[in-house]
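Heads up, the thing below is written out as structure tokens.
The values are calculated or read from the model by the stated rules, or taken from the named source; none is laboratory data. The structure presented is a predicted model; accordingly, all values stated were derived computationally and were not measured. Note that each Cβ is placed from the backbone with ideal geometry, even for glycine, and that neighbours are counted across all protein chains shown. Surface areas here come from the heavy atoms of the whole protein model, side chains and all, with no ligands, DNA or RNA. Shrake-Rupley method; radii C 1.70, N 1.55, O 1.52, S 1.80 Å.
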Amino acid sequence: MLNHGHIEKCVIVDFDQYVLNLFRSQSLGQIFRTLQTFHDTRVGVVCSDATSFLERNSEKWHAVIVDLPDYYVVNRRKFGELLSLVRRRLASGGVLALQAGPSRTIQPWLYDILQGCRLVIIATHTIRLLSFGE
């Protein structure tokens, strides 16, 4: 994404400082090719949960990429609150990319919440990845 010259600012928000440090580290940073990202002057890094970050920050964003932890997927109320907040923080024409897995926990209510937040679904994709517990 940062390869596009028109990107002025990118903020990485994660609630786990340990994870942020791992991807900044020489060993994992080289493996996952994240070192360049963390050293890009356009990139800010914030240790916080997404909801708190968006509540404290009134900026409008052209793109928001969310990788939801399982507890957001399981807790419909929290999930709806987060998506409502994202919707309010999106600039006109802004896009939300949402990873809301694992697929075994996704129910049809996901689409109801997205539509209730007035988020238009452009496309959905299911990708099978081995992960925790599989």
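Classify the chain: rounded, prolate or oblate, from the alpha-carbon gyration tensor (a ≥ b ≥ c, eigenvalue square roots; a/c under 1.5 rounded; otherwise prolate if a/b is larger than b/c)?
Judged from the Cα gyration tensor, the chain comes out oblate (a/c at least 1.5, b/c at or above a/b).
Sort 23-31, 44-52, 3-11 by packing, meaning the average of other beta carbons within 10 Å per residue, with the highest value first.
Values: 23-31: 12.9, 44-52: 15.2, 3-11: 9.3.
For the peptides 23-31, 44-52, 3-11, the packing ranking is 44-52, 23-31, 3-11.
Give me the number: length gained by fully extending H6 to V43, i.e. 0.36 nm times residue separation minus the C-alpha to C-alpha distance, one decimal in nm.
Numbers: separation 37, 0.36 × 37 = 13.32 nm, distance 1.34 nm.
Residue separation times 0.36 nm, minus the Cα-Cα distance, leaves 12.0 nm.
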Q) In nm, what is the difference between 0.36 nm times the number of residues separating R24 and D112 and their Cα-Cα distance? A) 27.9 nm
Q.
Of Q99, Q36, L85, which is farthest towards the positive pole of the chain's charge dipole, taken about the Cα centre with +1 and -1 on the beta-carbons of Lys, Arg and Asp, Glu respectively?
A. L85
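Quick one: ranking L54, L96 by accessible area, 1.4 Å probe, largest first, what do you get?
Details: L54 15, L96 40 Å².
Correct descending sequence by accessible area is L96, L54.
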